Amino acid sequence: AGETSSNITVTGALLGDYVMVGAPYDLQGIIATGYVSATDTVNIRIQNETTGTIDLVSATWSVRVIRG
């Protein structure tokens, strides 16, 4: 099971750029991936690969885009 964030505006982000994601807490086995989905737009995908239910609280994540 997984979830994708709403669009995050990152001015200057281009397709092919690298995205680093900083979670504000222990991800407890969840995989977090950031990607540029369109010019100036980044999304974060979290994927639960554990066998358990994980409840992540609402928080502010950090995103850094590096030119590819």
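Data table
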{"quantity": "Selection from the stretch 1-42 of residues that are over 15 Å from residue 60 (Cβ atoms), part of a strand (DSSP E or B) and out of contact with any strand residue (DSSP E or B) (no Cβ under 6 Å at 6 or more places or on another chain)", "calculated": "38, 41"}
{"quantity": "Close pairs (8 angstrom Cβ cut-off, 6 or more residues apart or separate chains): over 19 Å from residue 65 (Cβ atoms) in the stretch 20-40, aliphatic (A, V, I, L, M) and surrounded by fewer than 15 Cβ atoms within 10 Å (Cβ to Cβ) anywhere", "calculated": "25/57; 25/59; 28/54; 29/54; 30/54"}
{"quantity": "Hey, residue 40 of a type in the set (Asp, Glu), modelled with pLDDT under 90 and open to solvent by 50 Å² or more (accessible area, probe 1.4 Å) or not", "calculated": "no"}
{"quantity": "Leading residue by the ranking (nearest to residue 12 (Cα to Cα)) among those in the stretch 23-35 that are surrounded by 11 or more Cβ atoms within 10 Å (Cβ to Cβ) and more than 10 Å from the chain's Cα centre (by Cα)", "calculated": "24"}
{"quantity": "Residues satisfying the stated conditions in the stretch 43-68, i.e. surrounded by 10 or more Cβ atoms within 10 Å (Cβ to Cβ), modelled with pLDDT of 90 or more and hydroxyl-bearing (Ser, Thr, Tyr)", "calculated": "62"}
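The values are calculated or read from the model by the stated rules, or taken from the named source; none is laboratory data. Everything numeric in this text was worked out from a predicted model, so none of it was measured. Every residue, glycine as well, gets a Cβ built from its backbone with ideal geometry; the counts of neighbours run over all protein chains shown. Heads up: the accessible areas ignore ligands, DNA and RNA and are worked out on the full protein's heavy atoms, side chains in. Shrake-Rupley method; radii C 1.70, N 1.55, O 1.52, S 1.80 Å.
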